[in-house]
Amino acid sequence: MAITVAINLALISPSTLFHPKSPNPSKLRAFTLRCSSATSTAVPDLAEIPWKISDARLVLEDGSIWRAKSFGASGTQVGEVVFNTSLTGYQEILTDPSYAGQFVLMTNPHIGNTGVNFDDQESRQCFLAGLVVRSLSISTSNWRCAETLGEYLAERNIMGIYDIDTRAITRRLRQDGSLIGVLSTERTKTDEELLEISRSWDIVGVDLISGVSCKTPHDWVDRTNPEWEFNSSKRGGEAFRVIAYDFGIKHNILKRLASYGCQITVVPSTWPASETLKMKPDGVLFSNGPGDPSAVPYAVETVKEIIGKVPAFGICMGHQLLGLALGGKTFKMKFGHHGGNHPVRNLRSGHVEISAQNHNYAVDSSSLPEGVEVTHVNLNDGSCAGLAYPAQNIMSIQYHPEASPGPHDSDYAFREFIQLMKKVKVNS
């Protein structure tokens with residue numbers, strides 16, 4: 001039932017006033033408005049409201065409660081809240097296994113306007129815990145769009161919220177560091193219950209890799225789509241056999257290696273080093289992946305058994321595992337690096353690359369043994385962004401060379417891996 005309002009206006013005691021300070025006083029007509037209203041007492045039917053009302057909460061472990069509107073899946077989910085500064089690429093973010101266990105807050109306010117297509121997925125499914133955005137696009141406009149962002153998340157049981165102050169939350173995360181949060185659309189759960197969930201859950205020390213890795217070895221043959229290929233003229237003609245450890249590997253890493261002519265076999269995170277060496281690869285790739293590298297000692301041991309016997313290339317988590325295997329230490333960053341606009345300096349060439357990054361842990365460069373060279377540094381905070389150990393034919397970077405924010409500043413890393421394998425093969 002609609003609310004009805006009646007207003008009565010009455011002109012009472014009209015008079016003429018003069019402004020005392022005006023050199024030429026103007027006559028002003030003064031009157032009084034008397035208003036009265038008659039309002040129905042019936043509560044309007046919520047179904048008739050043409051806009052969505054707040055039906056979700058984000059409760060952070062610091063006690064703050066943020067009201068929002070939901071899209072995608074419903075329910076209650078716990079995760080670590082991190083912010084991502086990318087202007088676009090939300091579909092690649094959604095399907096990046098390195099975000100397992102995390103709520104990704106997009107600092108760019110307008111999300112969803114290009115919809116979703118099925119060519120840009122970085123893995124077989126969405127692994128993140130939820131998506132937080134300021135403004136969810138009410139329409140999509142892109143020639144490759146297959147469905148809306150909300151439909152995509154709902155089909156994959158991923159929660160999303162919008163109409164929330166992402167700027168304020170980002171400032172809180174920058175000040176206090178990453179926080180555990182709980183997303184919920186369930187009215188039966190009190191704020192106190194959600195707060196207790198957030199304070200009783202932790203992501204540190206948890207093996208997240210085992211939940212995103214493949215279960216059996218398989219060959220990878222797909223290359224970068226010819227429509228998007230940009231570096232074919234720089235490939236070598238020789239094919240190299242590469243074993244890629246799947247700690248949460250992104251498809252575009254495999255596509256770039258295949259585009260350089262590599263024959264790739266992807267193996268699970270628990271694949272024994274002895275089995276890898278029996279396959280006689282020209283090189284081994286240790287991929288990106290989620291979480292704490294110190295929580296997967298089995299992976300560190302695998303890396304230890306392989307390095308020095310075959311050329312190795314580490315990306316993100318693989319970079320951290322190489323650091324640990326070489327005797328270094330890793331640490332949890334305050335709020336990590338998440339975005340497509342991180343400047344990295346290549347200390348060998350002096351060039352600065354605009355890189356895509358996604359990690360909450362870093363290698364402590366001061367803990368590395370003699371002979372290990374820091375090849376790259378993040379210019380935002382000076383953290384270690386790349387390593388090399390020439391004596392054991394090892395190279396690694398903390399960011400994503402397959403991503404294209406620069407647009408192709410870091411693709412040379414794959415070429416350097418090819419050259420490393422070629423050098424070792426020639427000298428063997």
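The values are calculated or read from the model by the stated rules, or taken from the named source; none is laboratory data. Given the structure is predicted, the values throughout are model-derived calculations rather than measurements. Note that we place each Cβ from the backbone using ideal geometry, even for glycine, and neighbour counts take in every protein chain shown. Remember, those area values only see protein heavy atoms, side chains included, never the ligands or the DNA or RNA. Shrake-Rupley method; radii C 1.70, N 1.55, O 1.52, S 1.80 Å.
A straight chain from K52 to D381 at 0.36 nm per residue would run longer than the Cα-Cα distance by 114.3 nm. Solvent-accessible surface of protein heavy atoms, probed at 1.4 angstrom with all chains present, puts M317, M395 in the order M395, M317, largest first. Answer with one residue from Q320, H351, T270: the one whose Cα lies farthest towards the positive end of the charge dipole of the chain, charges on Cβ with Lys, Arg +1 and Asp, Glu -1. The Cα lying farthest towards the positive end belongs to H351.
Computed from the C-beta positions of A239 and R124 and an R0 of 22 Å, the FRET efficiency is 0.25 to the nearest 0.05.
Kindly sort W201, W143, W66 by accessible area of their heavy atoms, largest first, with the probe set to 1.4 Å.
Details: W201 80, W143 190, W66 40 Å².
So, going from the largest accessible area down, we get W143, W201, W66.
Per-residue accessible area (protein heavy atoms, 1.4 Å probe) orders V267, V424 as V424, V267, starting from the largest. Dividing the C-alpha radius of gyration of the chain by 2.2 N^0.38 Å, with N its residue count, gives 1.27. Put simply, the range 131-214 fits an ellipsoid with semi-axes of 26, 19, 16 Å; these come from the alpha carbon gyration tensor as the roots of five times its eigenvalues, largest first.
Computed 3J(HN,Hα) for the range 209-215, one whole-Hz value per residue from the Karplus formula 6.51 cos²θ - 1.76 cosθ + 1.60 where θ = phi - 60°, is 5, 4, x, 10, 6, 5, 9, glycine and proline marked x.
The residues of the range 257-404 expose on average 33 square angstrom of accessible surface per residue, using a 1.4 Å probe on protein heavy atoms.
Which chymotrypsin sites (Phe, Trp or Tyr not before Pro) does the range 103-136 hold that lie in a coil by DSSP with at most 11 other beta carbons within 10 Å?
Here the chymotrypsin sites (Phe, Trp or Tyr not before Pro) that fit, given the DSSP loop and packing criteria, are F118.
May I ask you to give the percent of accessible area on the range 92-138 that is carbon plus sulfur, with a probe radius of 1.4 Å? Of all accessible area on the range 92-138, carbon and sulfur atoms account for 46 percent. 3J(HN,Hα) along the range 132-145, derived from phi through the Karplus expression 6.51 cos²θ - 1.76 cosθ + 1.60 where θ = phi - 60°, amounts to 10, 9, 6, 10, 8, 4, 8, 8, 10, 8, 6, 5, 9, 4 Hz, with x in place of Gly and Pro. Among the listed pairs K250/K280; K332/K423; K52/K250; K215/K329, which are separated by more than 31 Å between their Cα atoms? Table pairs above 31 Å Cα-Cα are K332/K423; K52/K250. For the range 213-362, the calculated P(r) over all alpha carbon pairs, in 5 Å bins from 0 to the bin holding the longest distance, is 2, 9, 17, 20, 21, 17, 11, 4, 0 percent. Within the chain, antiparallel bridges make up roughly 60 percent of the DSSP beta bridges whose residues both belong there. Over the chain, dividing the summed -39,500 (n - 2.57) contributions of all DSSP H runs of at least 4 residues by the number of residues returns a 222 nm mean residue ellipticity of -5500 deg cm²/dmol. Using a probe radius of 1.4 angstrom, the carbon and sulfur fraction of the accessible surface of the range 263-328 is 52%. With θ taken as phi - 60° and the Karplus curve 6.51 cos²θ - 1.76 cosθ + 1.60 applied, the whole-hertz 3J(HN,Hα) list for the range 60-71 is 9, 5, 7, x, 6, 10, 10, 7, 7, 10, 9, 8 Hz, x standing for glycine and proline. Near the amide H of S355, within less than 5 Å, lie the amide hydrogens of H342, V344, all on another chain or at least 5 residues away, with H placed in the peptide plane. Surface composition of the range 341-428: carbon and sulfur atoms hold 50% of the protein heavy-atom accessible area at a 1.4 Å probe.
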